[in-house]
Every structure is written in C-alpha cells, then in structure tokens.
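**Q** Before I ask anything, here is the structure I am working with.
The values are calculated or read from the model by the stated rules, or taken from the named source; none is laboratory data. A quick note: this is a predicted structure, and the numbers were derived from the prediction, not measured. Here Cβ is always computed from backbone atoms with ideal geometry, including for glycine, and neighbour counts include all displayed protein chains. SASA here: full protein model, heavy atoms, side chains in, ligands and nucleic acids out. Shrake-Rupley method; radii C 1.70, N 1.55, O 1.52, S 1.80 Å.
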Amino acid sequence: MSLDELYREVILDHYTHPRNRGVLEPADITRDGANPLCGDELRISLRVRGGIVEDIRFQGKGCSISQASASMMTEQVKGKPVEEVVRLIAAFKAMMHGEAPAADSLGDLEALQGVRKFPVRVKCATLSWVTLELALDELRPG
Ligand code: FES
C-alpha cells in the first residue's frame, strides 16, 4: 500500500467512525466555528481540569476532511496539558501551510498533509483546530 493510500484510509476511517462526536455535558467551554468558504459549521465542547484537557467532543456537518480532522484532533488532545495542545495546534497549522512536520510529532495527523495540494481544502482541515484554539483562548486570563 502506498503512503497516499494509507493516508486516505486513515481519513476515511475517521470520517466513517468519528471519535468523540457529540456535545459534552457539562462542558467548561463551547465554541462554534465555521468555514467561510463553504458555510459548514462545527462545535467544540471541552472540559479542562488542572490544566489538562480532560474531555472533548465535536459536532457539526461538513466534508470528509473537516470531519476526519476534527475526529483525529479530539483523539490527539484528550488527556494532554493545555500548553501541549497549544503547541500541537501551532504544529498542525504550520504543517497545513507547508512546513514539514518534525519527525513523529504529528502521528496520524500527517495523513492530512495531502490536503495541502488543494488550497481551498486547507480550511476544511484546519476548521476544528482554529475553533479549538479560540476555545482555549477563553481560558486565558484578561
Ligand atoms: Fe465545508 Fe470542507 S467543504 S468544511
């Protein structure tokens, strides 16, 4: 199997069997995001305890890339310290904008690299990440 095929399978798997889909009740933060290019919307809800993303869910409609990316994101950030999540968001966005990921740093998320060939789809892949970033901003004092 080629790397492209493997990546396609990872994306399809997350699209057809999304992880952490739904709304968290109760949640500390709920944030809505939208892709301005297509109008698709996504909601992120999360609970943060002691500086750790204890739990997270996503809900919304959108293309396979946006849904798979959100599913992968929730898997990656659950149980991680907020500071680490902030670094991961930056690393993912950098990868989607053309920077090579540091070795092994992004794991399955690298399956989304192929999307870079289609600039309009980059917003699909980053929708959940940008929404999570805005949600985490609400945790910062001031
Ligand atoms: Fe709307 Fe991808 S086409 S999020």
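**Q** Which of rounded, prolate, oblate describes region 23-117, given a ≥ b ≥ c as roots of the alpha-carbon gyration tensor eigenvalues and a/c under 1.5 marking rounded, otherwise prolate only if a/b is larger than b/c?
**A** oblate
**Q** What number comes out for accessible area per residue over the chain if the probe is 1.4 Å? Units Å², please.
**A** Numbers: 7510 Å² over 142 residues.
Value for the chain: 53 Å² per residue.
**Q** Residue by residue, what Karplus-based ³J(HN,Hα) values in Hz, rounded to whole numbers, does region 7-24 have, using 6.51, -1.76 and 1.60 with θ = phi - 60° and x for Gly and Pro?
**A** Along region 7-24, the couplings run 4, 4, 5, 4, 5, 5, 4, 5, 6, 7, 10, x, 8, 6, 8, x, 10, 7 Hz.
**Q** Moving on to the next point. Cα axis of helix 119-137 to longest principal axis of the chain: angle in degrees, 0 to 90, nearest 10?
**A** 20 degrees
**Q** If you fit an axis through the alpha-carbon atoms of helix 82-96 and take the longest principal axis of the Cα set of the chain, what angle between them do you get, 0 to 90°, nearest 10?
**A** Relative to the chain, helix 82-96 is tipped by roughly 30 degrees.
**Q** Which distance in nm do the two modelled labels at residue 84 and residue 28 give, with both placed 7 Å along the Cα-to-Cβ direction?
**A** Result for the modelled spin labels: 1.5 nm.
**Q** For residue 7, tell me the accessible area in Å² from a 1.4 Å probe, rounded to the nearest 10.
**A** Residue 7 has an accessible surface of roughly 40 Å² with all protein chains in place.
**Q** Right, another one. Of the options 100, 38, 113, report the single residue whose Cα projects farthest towards the positive end of the charge dipole of the chain (beta-carbon charges: Lys, Arg +1; Asp, Glu -1).
**A** 38
**Q** Moving on to the next point. So, with +1 on the Cβ of K and R and -1 on the Cβ of D and E, and no other charges, what is the size of the charge dipole of the chain about its Cα centre, to the nearest 20 debye?
**A** Values: 18 positive and 21 negative charges, 56 e Å.
It comes to approximately 260 debye.
**Q** Here's something else I'd like to know. First compute the accessible area of the chain with a 1.4 Å probe, then give the percent of it belonging to carbon and sulfur atoms.
**A** Reported share for carbon and sulfur atoms: 52 percent.
**Q** Would you calculate a helix-derived [θ] at 222 nm for the chain, using -39,500 (n - 2.57) for each DSSP H run of n ≥ 4 and dividing by the full residue count, to the nearest 500?
**A** That comes out to -14500 deg cm²/dmol.
**Q** OK, next. Report the net charge of residues surrounding residue 44, where surrounding means a beta-carbon distance below 9 angstrom and charges are Lys +1, Arg +1, Asp -1, Glu -1.
**A** Cβ neighbours under 9 Å give a net charge of +2.
**Q** On to the next question. Using 7 Å Cα-to-Cβ label points, what is the residue 5/residue 93 separation (nm, one decimal)?
**A** Reported label-point gap for residue 5 and residue 93 is 3.6 nm.
**Q** Once you order the gyration tensor axes a ≥ b ≥ c over the Cα atoms, which shape class does region 1-74 get: rounded for a/c under 1.5, otherwise prolate or oblate by comparing a/b with b/c?
**A** Oblate, because a/c is 1.5 or more while a/b does not exceed b/c.
**Q** While we're on this one: Compute the angle between helix 64-77 and the longest alpha-carbon principal axis of the chain, please, reported from 0 to 90 degrees and rounded to the nearest 10.
**A** Result, in degrees: 50.
**Q** Still on this model: Check the straight Cα-Cα distances from residue 78 and name the lysines below 19 Å, setting aside those fewer than 8 residues away within the same chain.
**A** Within the straight-line limit of under 19 Å, residue 78 reaches these lysines: 93.
**Q** Putting +1 on Lys and Arg Cβ atoms and -1 on Asp and Glu Cβ atoms, find which of 68, 29, 16 reaches farthest to the positive end of the dipole of region 1-77.
**A** 29
**Q** Something else about it: Taking 0.36 nm per intervening residue step and subtracting the Cα-Cα distance, what contour gain separates residue 64 from residue 120 on full extension?
**A** 18.8 nm
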